[in-house]
């Protein structure tokens, strides 16, 4: 919550990605790209519906962010 006189334009240190694509790979690509906002991400957390092909979802996330735990 901002109060009068506070600087509200701070550097955001996290990113949030999401996708509503029914395709597992497309959803992973879109959400991962949205979440990777900085030059050196330290952590990527993913939540996905079990209606997705979860191995394909994880593989696509790893493809887009191979060095991010």
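The values are calculated or read from the model by the stated rules, or taken from the named source; none is laboratory data. What you are looking at is a predicted structure, and each value in this text was computed from that prediction instead of being measured. For neighbour counting, all protein chains shown are included, and Cβ atoms are generated from backbone atoms with ideal geometry for every residue, glycine included.
Just to be sure, is residue 48 surrounded by 12 or more Cβ atoms within 10 Å (Cβ to Cβ), more than 9 Å from the chain's Cα centre (by Cα), part of a loop (DSSP other than H, G, I, E, B) and at pLDDT 90 or above? Yes.
In this structure, residue 2 qualifies as modelled with pLDDT under 95 and either in contact with a helix residue (DSSP H, G or I) (Cβ under 6 Å, 6 or more places away or on another chain) or part of a loop (DSSP other than H, G, I, E, B) (or both).
Within the range 27-44, no residue satisfies the criterion of being at pLDDT 95 or above and exposed (fewer than 13 other Cβ atoms within 10 Å of the Cβ).
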